[in-house]
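**Student:** Provided herewith is a single structure, encoded as C-alpha cells, for subsequent inquiry.
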Amino acid sequence: MTSVGTGAGTASDAGTAAEAAVETATAGVDGQPQLAVVFVAPRYDYQTVVETVRAETDRAPLVGCSTAGEFTEAGPTDASVTVTLVAGEGFAAHVGLGEELSADPEAAVGAAADSLPPVVDDDRHRVGINFHDGLLGRGEEVAMLGYQQRPVPYVGGSAADNFAMSETVVFANDEVATDAVALALLSSDRPFGRAVDHGHEPFGDSLTVTDADGSVVETLNNRPAFDVWRETVRPRATETGVDIDTLSPDDDAFEELLTRFEFGIKTSDEEYKIRWPGLTQTTDGPLRFATQIPEGTELFVVDSDAEAQLATARRVTETATTTTPTTPAGAVAFDCVCQGLVLGEEFGTAVDAMAEALSAPVAGVQTYGEVAVAPDDMRAYHNTTTSLLVFPE
Amino acid sequence: MEIERHTLIETFGDSIGRQKAERMVTAAAERTGLSGQRTLSRDEAIELADCLAELDEAGTVARVSASTVKTQITTGDIQA
C-alpha cells in the first residue's frame, strides 16, 4: 500500500525549515520514502534544503522546484519549504536532470530522460513529473519533448521565483540547477489519478494572431494587440468599476485585469488552454505572454472570477479522484500563480476545498505555468490552471 | 492500424489550436497527395506529420507538436 505525507517548514534557516517539513511529512508515511517532492520559496538557500531533505530521507529520489507560493492540506504557507513524501512497496520513482535548456531544449530533455528507465509494456501504471526553468517561455515545447522521451501522462510546472523574474531553479536528487529541466518517472501497481482544469469562459469574437515574435504578440486581427484586448474587455472592466482607458501599467488594476481577462486557445469545441498576457508593460502596442504564441493562432478573451476559481479547485480534485479506482493516498497540485492573484484572500478557501474533496494529504506549488499531458489531451502546457496528481493507496 | 484525419487534426489542435491545425493539416495533405483521404494508414499519417513540420507556417511549437503527433502514432496513443 502507498502512503503519502506532507509537511511545511517556515523557519528562517533553510536547514531548519527543511528538517521541520520532512519531520511532519515522515509522520504521514509508512516505511522508507521512495520519493520526495520538494517546493522551496526563493528566500531559502536551495542547496541546503536539498541536502537536508536527501539526508533526512535516506537519499530518496528527489524532484522539485523554486516557487511563487506553496501549500499543504493545512493551508497556504508564507514562503516555506514544503515536502511531500511517498512510500510503498508497489511504488517506485526515478529522477533525471537536463541542463542548458535554453540552448537546446531537445538535448536537455533527452539528457534528463537518460536517467529514467524505459517505458515497457507491462501491468504497471506510470506518470511523469516535468519541472523546468520558468523564465524561458518555452514550457509548451519542454512539456511535449518530455512526452516524446517517455510517452506517459505528465504533470508538473514551470519553476517560479515569487515574481522576482530573475532566476528559477529545479531540483533533481542532489542537484540544484537553473536553465534546466527535471523529469521524474513514477510507477505504481495501481493507477494514478490526474486532472486538469481552469474554470475560464470565453467571450467576444475570435481573434487571430497576425504578428508575433516568440511570446510577444504585436497585432491581433492586424491591429495593435493591446487595443484589441482593451476594446474586448472594456464593458466587463467598467462593470468592476475600472476605467480601462485611463489605466496605467503602474496601477494594481492593470495586472489584475490582465490576469482576470486572459486569452484562451480554442483546442476543440469545448476546450481551451489559457495563455496569460501578464508580462505586458505598456498600453500602446504589444501583449507580452508567459509562453510562445505562434502567428496564425486563434485566440478568445476569457474570464474567470474568484467564484469560478473556487469551483475549479473542488472540481479538479473530484475529477482526479474519480480517475483512480482506489482510495487516494495523497496528492500533489501544480497551481498557477495567477490563480492566487485572482483569488486573493480566498486562496486558502480553494486549498480547503481541494483538501476536503480529496480527504487525504495534499501539497501544492504555485508555478509560472502548468504541465498536463495525457494520451487523449495533448494541450500539454497551461496558464492559470490546476494540474493535479493523485497517488493511489 | 488506420487513423482518421480528423483525429490528427484534434491531436495537433490540442497544441496549436483547432483552427490553425485544420488549416495546416489541409495544407500538408495537399502537399503529400493525401487530401482525398479521410482515413490514413500508419505510414501515411507519419508522412503527413513530417510534412506538417516542414510547412512555412510551422514555427517551433508546431514542429515540436508534429513530432509529438508522430510519437503518439508510433505508440498507438492515437488511432481510429
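No lab work stands behind these numbers, since they all come straight from the coordinates. Being a predicted model, the structure only gives us computed values, none of them experimental. A quick note on method: Cβ atoms are made from the backbone with ideal geometry, for glycine too, and the neighbour counts reach across all protein chains shown.
**Student:** When a/c reaches 1.5 or more, the comparison of a/b and b/c decides; with that in mind, is region A:59-203 rounded, prolate or oblate per its Cα gyration tensor?
**Tutor:** Rounded, because the longest to shortest axis ratio a/c is under 1.5.
**Student:** Quick one: compute the contact order of region A:72-199, relative version, from alpha carbon pairs under 8 angstrom and 6+ residues apart, as a percent.
**Tutor:** Values: 236 pairs, mean separation 43.9, N = 128.
Rounded, it is 34 percent for region A:72-199.
**Student:** Further question: For chain A, modelled as a Gaussian network with Cα springs under 10 Å, which listed residue fluctuates most, A:Leu97, A:Leu145, A:Leu35?
**Tutor:** Result for chain A, Cα springs under 10 Å: A:Leu145 fluctuates most.
**Student:** Which whole number gives the average, over all residues in A:378-385, of C-beta atoms from other chains lying within 10 Å of the residue C-beta?
**Tutor:** 3
**Student:** Using +1 on the beta carbon of Lys and Arg, -1 on that of Asp and Glu, and nothing else charged, what's the dipole of region A:91-131 about the Cα centre, debye to 20?
**Tutor:** The calculation lands at about 200 debye.
**Student:** Something else now. Contact order normalised by length for region B:2-75, with contacts defined as Cα pairs under 8 Å and 6 or more residues apart; what percent is it? Mind dumping the intermediate values first?
**Tutor:** Details: 80 pairs, mean separation 25.6, N = 74.
Reported as a whole number, the value is 35 percent.
**Student:** Label points 7 Å out from Cα along the Cβ direction at A:Glu23 and A:Asp104: separation in nm?
**Tutor:** Between A:Glu23 and A:Asp104, the label points sit 4.6 nm apart.
**Student:** Place a +1 charge on the Cβ of each Lys and Arg in region A:117-241 and a -1 charge on the Cβ of each Asp and Glu, then give the dipole magnitude about the Cα centre in debye, rounded to the nearest 20.
**Tutor:** Dipole about the Cα centre, nearest 20: 320 debye.
**Student:** Apply the Karplus curve 6.51 cos²θ - 1.76 cosθ + 1.60, θ = phi - 60°, to the phi angles in region A:137-148 and return the couplings in whole Hz, x for Gly and Pro.
**Tutor:** These are the phi-based 3J(HN,Hα) values: x, 10, x, 5, 4, 5, 5, 6, 5, x, 4, 4 Hz.
**Student:** Here is a further query. If the label point is 7 Å along Cα→Cβ of A:Glu167, which residues in region A:59-87 have backbone nitrogen under 19 Å from it?
**Tutor:** Counting only backbone N, you get A:64-69, A:80-81.
**Student:** Provide the per-residue ³J(HN,Hα) series for region A:243-256, in order, calculated from phi with Karplus coefficients 6.51, -1.76, 1.60 and θ = phi - 60°, each as a whole number of Hz, with x at glycine and proline positions.
**Tutor:** Once rounded to whole Hz, the list reads 8, 5, 7, 10, 5, 10, x, 7, 6, 4, 5, 4, 5, 4.
**Student:** Could I ask something else about it? What ranking, highest mean first, results for peptides A:257-270, A:237-250 when packing means the other Cβ atoms within 10 Å averaged over each residue?
**Tutor:** Numbers: A:257-270: 20.9, A:237-250: 12.1.
In descending order of packing, they fall as A:257-270, A:237-250.
**Student:** Please say if the protein assembly as shown is rounded, prolate or oblate, where rounded means a/c under 1.5 for a ≥ b ≥ c the square roots of the C-alpha gyration tensor eigenvalues, and otherwise the choice is prolate for a/b larger than b/c and oblate otherwise?
**Tutor:** It is oblate, given that a/c is not under 1.5 and a/b is not larger than b/c.
**Student:** Right, another one. Report the FRET efficiency, 1/(1 + (r/R0)^6), for A:Asp227 and B:Asp50, where r is their Cβ-Cβ distance and R0 is 51 Å, rounded to 0.05. Show your work: numbers first, answer last.
**Tutor:** On the way: r = 39 Å, r/R0 = 0.77.
Efficiency computed from Cβ-Cβ geometry: 0.85.
**Student:** Could I ask something else about it? Quickly estimate the mean residue ellipticity at 222 nm for the protein assembly as shown, helices only: each DSSP H run with n ≥ 4 gives -39500 (n - 2.57), and the total goes over all residues, rounded to 500.
**Tutor:** Mean residue ellipticity at 222 nm (helix-derived): -10500 deg cm²/dmol.
**Student:** Continuing with the same structure: Of A:Leu62, A:Phe289, A:Met165, whose Cα points farthest to the positive end of the dipole of the protein assembly as shown (charges on the beta-carbon: +1 Lys, Arg; -1 Asp, Glu; origin at the Cα centre)?
**Tutor:** Going by the Cα projections, it comes out as A:Leu62.
**Student:** Tell me which of B:Gln19, B:His6, B:Leu52 sits at the most positive position along the dipole axis of region B:2-75, charges placed on C-beta atoms (Lys, Arg +1; Asp, Glu -1).
**Tutor:** B:Gln19
**Student:** If you don't mind, there's one more thing I want to ask. Projecting each Cα onto the charge dipole of the protein assembly as shown (Lys/Arg +1, Asp/Glu -1 at the beta carbon, about the Cα centre), which of A:Thr24, A:Thr238, A:Gly330 comes out farthest on the positive side?
**Tutor:** After comparing all options, I get A:Gly330.
**Student:** Can you classify region B:2-75 as rounded, prolate or oblate using the Cα gyration tensor, where a ≥ b ≥ c are the square roots of its eigenvalues, rounded means a/c under 1.5, and otherwise it's prolate if a/b beats b/c and oblate if not?
**Tutor:** rounded
**Student:** Next up: Based on the mean of other Cβ atoms within 10 Å per residue, sort peptides A:340-346, A:313-319 so the most packed one is first.
**Tutor:** The densest-packed peptide leads the list: A:313-319, A:340-346.
**Student:** Now for a separate question. Taking θ = phi - 60°, what integer Hz values does the Karplus form 6.51 cos²θ - 1.76 cosθ + 1.60 yield along region A:192-204, in sequence order, with x for Gly and Pro?
**Tutor:** 6, x, 9, 6, 9, 7, 10, x, 9, 10, x, 8, x
**Student:** Let me ask something additional. On average, how many beta carbons from a partner chain sit within 10 Å of the beta carbon of a residue in A:365-377?
**Tutor:** On the way: counts 0, 0, 0, 0, 0, 0, 0, 0, 2, 2, 6, 6, 2.
Average per residue, whole number: 1.
**Student:** Hey, what did chain A get for relative contact order, percent, Cα under 8 Å, at least 6 apart?
**Tutor:** 20 percent
**Student:** Which order do the peptides A:119-128, A:206-215 come out in when sorted by mean C-beta neighbours inside 10 angstrom, highest first?
**Tutor:** Sorting A:119-128, A:206-215 by mean packing, highest first, produces A:206-215, A:119-128.
**Student:** Taking amide hydrogens as modeled 1.01 Å from N in the peptide plane, which residues meet the under 5 Å criterion relative to A:Ala79, leaving out close sequence neighbours?
**Tutor:** Residues meeting the amide H criterion: A:Glu70.
**Student:** I want the antiparallel fraction of DSSP beta bridges within chain A, as a percent rounded to 5.
**Tutor:** Once the DSSP bridges in chain A are tallied, antiparallel ones form about 85 percent.
**Student:** Sum up the charges of everything whose Cβ sits under 14 Å from the Cβ of B:Val64, counting Lys and Arg as +1 and Asp and Glu as -1, but leave B:Val64 out.
**Tutor:** Overall, the nearby charge balance is -3.
**Student:** Now a separate question. Given H placed 1.01 Å from N in the peptide plane, which residues other than close sequence neighbours of A:Asp45 have an amide H under 5 Å from its amide H?
**Tutor:** A:Ala14
**Student:** Within 10 Å of each Cβ in B:6-18, how many Cβ atoms from other chains are there, averaged over the peptide?
**Tutor:** So the per-residue partner count for this stretch is 6.
**Student:** Now for a different question. Is there a quick way to get the dipole size of region A:201-303? I mean about its Cα centre, with the Cβ of Lys and Arg at +1 and of Asp and Glu at -1; what is the value in debye to the nearest 20?
**Tutor:** 160 debye
**Student:** In nm, to one decimal, how far is the modelled label at A:Asp284 from the one at A:Glu318, with both set 7 Å along Cα→Cβ?
**Tutor:** The modelled label-to-label distance comes out at 5.0 nm.
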